[in-house]
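The values are calculated or read from the model by the stated rules, or taken from the named source; none is laboratory data. Computed from a prediction, not measured in an experiment: that's the story for all the values here. Cβ sites come from the backbone with ideal geometry, for glycine too, and all protein chains shown count toward neighbours. Side chains are part of the model used for accessible areas, which takes the heavy atoms of the whole protein and leaves out ligands, DNA and RNA. Shrake-Rupley method; radii C 1.70, N 1.55, O 1.52, S 1.80 Å.
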Amino acid sequence: MTALVGAFAPDPGPLAYRAIRLTSSGGVEGVEHIDARDDAEAIALTSRMANAYGVDLWERGRFLDSFPSLSVRAPGAIA
């Protein structure tokens, strides 16, 4: 029966990645759409976006990763 239920599930369509830029208080500063083929590419692109407050990466309602602000990363860490 599970296969039958899955057969009628809507096609989610192409991946839709969003980078959420955060403020110092943890609020949302802005949202950018990320054009990536898969999760690994989206993570690589978003990891370079961290500003003074950080960035969270989402694919629709699925949380993928969080990138802390540059000020809280370990000395010598590469973004």
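With the simple model of a label 7 Å out from the Cα in the direction of the Cβ, A40 to S69 spans 3.3 nm.
Once all protein chains are placed together, I20 keeps about 20 Å² accessible to a 1.4 angstrom probe. Summarising the amide proton neighbourhood of E29: residues at separation of 5 or more, or on other chains, whose placed amide H is nearer than 5 Å comprise R21, L22, T23. Put T46, T23 in order of accessible area, highest first, and with a 1.4 Å probe you get T23, T46.
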